[in-house]
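Step one of this worksheet: look at the structure below.
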Amino acid sequence: MTQFRRKTPEEILHSISRLHRGRLKIIIGAVSGSGKTYHMLREGQLLKQQGIDVVICAVS
């Protein structure tokens, strides 16, 4: 069994500094078929390939 070890304050600060806040991007188009969904999904694929977690939401 592995023994529990507390993190040092420096280790905690290092793990906090690696966290990044997300971004909210709103894609608006006046007409259907203007490419909103395509653009959203394509950009999500590119970010995921770079290792960035992606959450996509569509509201109608």
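The values are calculated or read from the model by the stated rules, or taken from the named source; none is laboratory data. On a predicted model such as this, the values are computed, not experimentally measured, just so you know. In this analysis, Cβ positions are derived from the backbone assuming ideal geometry, glycine residues included, and neighbour counts consider all displayed protein chains. The protein model used for the area step is the full one, side chains on, heavy atoms only, and it has no ligands, DNA or RNA in it. Shrake-Rupley method; radii C 1.70, N 1.55, O 1.52, S 1.80 Å.
Tabulated values for the structure
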| read-out | value |
| --- | --- |
| Residue list for region 32-56, restricted to those being open to solvent by 100 Å² or more (accessible area, probe 1.4 Å) and not charged (D, E, K, R) | Ser32, Tyr38, Gln45, Gln49, Gln50, Val55 |
| Search result, residues across region 15-31 that are modelled with pLDDT under 80, closer than 19 Å to Arg42 by Cβ and open to solvent by less than 100 Å² (accessible area, probe 1.4 Å) | Gly22 |
| Pair list, Cβ < 6 Å and 6+ apart or interchain, from region 45-57 residues that are closer than 12 Å to Gly22 by Cα to residues that are among the charged types (D, E, K, R) and surrounded by 10 or more Cβ atoms within 10 Å (Cβ to Cβ) | Val54/Lys48 |
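Per-residue answers, yes or no, for (1) part of a loop (DSSP other than H, G, I, E, B); (2) within 25 Å of Val59 (Cα to Cα); (3) in contact (Cβ under 8 Å) with a residue 12 or more places away in the chain; (4) among the charged types (D, E, K, R):
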site	(1), (2), (3), (4)
Gln3	yes, no, no, no
Lys7	yes, no, no, yes
Arg23	yes, yes, no, yes
Ile28	yes, yes, no, no
Gly33	yes, yes, no, no
Leu41	no, yes, yes, no
